[in-house]
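Written out below as C-alpha cells is the structure these notes cover.
The values are calculated or read from the model by the stated rules, or taken from the named source; none is laboratory data. In this text, all values refer to a predicted model and were calculated from it rather than measured experimentally. As a convention, Cβ positions derive from the backbone with ideal geometry for all residues, glycine included, and neighbour counts pool all protein chains shown.
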Amino acid sequence: MSSSDNTSNDFNALSAIAALSLCIMFGSNAIAIKISFSGFGVYFMSCIRFLIASLCLILWAFVTKQNLRVGKDRWLQLGIISISFSLQLLLFYTGLSMTTASRSALITNLQPFFVLFLAHFFIPGDNITLKKLMGIVLGFSGIALVFTDRAGVTESFRSGDIFVLCGAALWGCNAVYTKRVIKNFDAIQIALYPMIVSIPISMIGSYFFDDQLVYFVDATMVASIAYQSFFVAAFGYVAWNTLLKRYGAVSLHSFVFIMPITGVILGGLVLGEPLTGRLIAGLVFIVSGLLTIHIKQKSYPPVFPLGRNV
C-alpha cells in the first residue's frame, strides 16, 4: 500500500457490496447514454444529465446540511478539476456518439492504467512496480486488440475510439490531481462543482455541434435520463468519492475490473452490438491487467526508482 493511500482497515462486506454495485452502475452508464442519443442531441444530453444531477446534489446537501463552502485558497484546485472533468466528458460523449458502447467501455477502462503511470511521477509513494508494469502492458495490449478489430468497424468507429481514448487519458490526469487534493474537500464538493461547470460548457457544445436538441421523448428516454442523472451522476459520484476518501484507492479499485465486463456484456445484450473475437480478447487482457494491478500481493520494488515525485 502506498503511503498516500489512507486505506481504512474496516473495509467490510457491506463496503465491498457497495463498491461492486457502483462499478456495475458505472460500467452500464455508457449503455444508458448511448440509448439517450437516439432522442436527444449528444451535448444537450450531457447538459440535461448534469443539470438534473446538480439539482439533486444541491437538494441533498440542503437536506443533510452538507458543507458546500469552499475556501478561497481551494477554488483554483476545484477549477482545474472542474474544467478537466468537463473536457473529458465532451471527449467521451463525442466518441461514444461515433462508436459502440462496448468499445467505449473497454477503452475508457484504460483510465486506471494512465493513473498508475502518472501517479509514479506525481503521487509520493505510488511507484511503478513490476506487478503494476505487467498490468499496464496487459491493459494496453487489450486496447491494441480493440483498435485492430476490423470486423464491421467504420472510419467513424475509429475516430470515436480515438476521442474516447483521449477522454480516458484526460480522466487519468484528473484522477491523479484529484487524489493529490481530495483531502481538502468534502465528497459532495468534488462531485457537485465539476457538474455545475460542465453545464454551460455542454450548452456551448450543443449550440455549435448538435443538429437538434430533442428528436423525441418516450418512456425509454426518460428512464435513461433518470438512470444517468439520479443514480450514476448524483448518487454514484458522491458514493464513490465517499468510499475513496474513507478507504483509499487500493481497496476500492480492487473492483474496477467489473466495469468493462458490465459494459461489454450489456452492449451485446441490450444494444445488440457485435461481440467479436478481438473484442472479447481485449476484454480478457484488460480485466487481467486490472486484476494484476489490484490483487494484493507482497511488496515489490519500483521498476523506475529515479526521477520520482515531481
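Overview of results
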item	result
Subset of the stretch 43-59 that is touching a Leu at 6+ places or on another chain (Cβ under 8 Å) and among the aliphatic types (A, V, I, L, M) - its residue that is modelled with the highest pLDDT	58
Which listed residue, of 221, 203, is touching a Cys at 6+ places or on another chain (Cβ under 8 Å), surrounded by 15 or more Cβ atoms within 10 Å (Cβ to Cβ) and not small (Gly, Ala, Ser)	203
Sole exception among (1) outside any loop (DSSP other than H, G, I, E, B); (2) surrounded by fewer than 21 Cβ atoms within 10 Å (Cβ to Cβ) for residue 27, by number	(2)
Pick from the stretch 212-225, criterion part of a loop (DSSP other than H, G, I, E, B) and of a type outside the set (S, T, N, Q), ranking: nearest to the chain's Cα centre (by Cα)	213
Tally, over the stretch 80-136, of residues that are at positive phi and of a type in the set (Phe, Trp, Tyr)	0
Residue in the stretch 90-104 that is outside any helix (DSSP H, G or I) and under 24 Å from residue 189 (Cα atoms) present	no
Residue count for the stretch 243-280, restricted to those that are part of a loop (DSSP other than H, G, I, E, B) and of a type outside the set (Gly, Ala, Ser)	6
